[in-house]
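My structure is below; once you've seen it, I'll send some questions.
Read-outs: derived from the displayed coordinates by stated rules, not from any lab. Every value quoted in this text rests on a predicted model; they were computed, and no experiment measured them. Cβ coordinates were reconstructed from backbone atoms using ideal geometry, including for glycine residues, and neighbour counts include every protein chain displayed.
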Amino acid sequence: MIHANDKLANAKPKKKKSKNRRKADQINQPAQKTHPSQSLHLSTTLPSRTMPESQRNEPAISERRGIRWLPDDPKLQEPTSTLVLTGSRGQFVDIRIFCSPGETLPNEGGPSSLLDWGIAGKSTSTVIDGPSLDHPSNPPPPSDGSSRSVCHSTFSHWIDSRTDTPGPDQGDMYPQSNNTTLELGAMYNPLTNSEQAYEELWVDYSASAVEGTRWSIVIDLDDPEHNAKGRVVRVGEHCQGILKVGEHVTVERWGFEVSEKESKGDWRRLARLGDLFLPVSLAFTPEQVVEGNVLSYGDYKWVVKEVYSW
């Protein structure tokens, strides 16, 4: 695991010929001499408008516990470590890394084949009375008196590690009696190269406060000139980022951990695939940024889209 002792001033890029790339351990290295135009710079520009507070939802942390392709798989299985972080306005980062139970996640940049899927986009949900999709195994709502409603959820892919033209991603969400959610839907299965019905089992966690406050942070990069898109999302003690430049994809996952020997915690990098720069450390200091701030790094400009506490 990598400690987050990297200050923004120390996260400068290399020379121009390797723009926006870094070694996996660069965050712990002293600042390198670079051209002034490539230094990190955080603006103090305020946003022109923000979404009303009434349009916010509580940020979410979701971990997948299993997937089953129908009708081929007899039971749910989980070949990945999958975590989805969703901000208060629905912006999410979904990182799925191939990993066997008990296996350490890749944390030094590769191999890229371990990335099952990296997604960033926006999710929306609508309460429904019954199944909205034609699916071979639509179950009834839970019978344990749960007040959670069945919902139809749509996930719009803004960044997709597999393709530049993602197909529809939607499913019906059925609350289960063990405080999990069973998602029923249909999507592209890379193993069969076709659209196929699936079941996914999810568990949601409440965000924990870090240094007394629960924060939701969203930082975006949208640069059509360089064919680059990126997003960093922090929810509570979890943070994930994805950057796609052409066909090159980098993903990172971080967590805030408190040592048993120390009362003060620290951010640690838990996984990394790829070698592009992601401004995750900006999400670790939410008191220093506001929505609309711009972080310049080389030719790229990352914009702070959400700074929310609850």
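Between Asp134 and Lys75, what is the label-point separation in nm under the 7 Å Cα-to-beta-carbon projection?
Spacing of the two 7 Å Cα→Cβ label points: 3.1 nm.
Give me the percent relative contact order of segment 57-205, please, defined on Cα pairs under 8 angstrom at least 6 residues apart.
Reported as a whole number, the value is 25 percent.
Set the bar at 23 Å for Cα to Cα. Now go through Lys264/Lys301; Lys122/Lys229; Lys244/Lys305; Lys244/Lys301 and name every pair that lies beyond it.
Check vs 23 Å cut-off fails for Lys264/Lys301.
Please state the Cα pair-distance histogram of segment 171-310 with 10 angstrom bins from zero: what percent is in each bin?
Each 10 Å bin holds this share of Cα pairs: 11, 29, 33, 23, 5, 0.
Now for a separate question. As a test of understanding, state the convex hull volume per residue of segment 57-205 from its alpha carbons, in Å³.
Roughly 131 Å³ of hull volume per residue.
For a quick check: sort Arg231, Arg269 by the number of other beta carbons within 10 angstrom, fewest at the front.
Ascending number of Cβ neighbours within 10 Å: Arg269, Arg231.
In what order do Trp215, Trp69 fall by count of nearby beta-carbon atoms within 10 Å, going from fewest to most?
Least crowded to most crowded, the residues run Trp69, Trp215.
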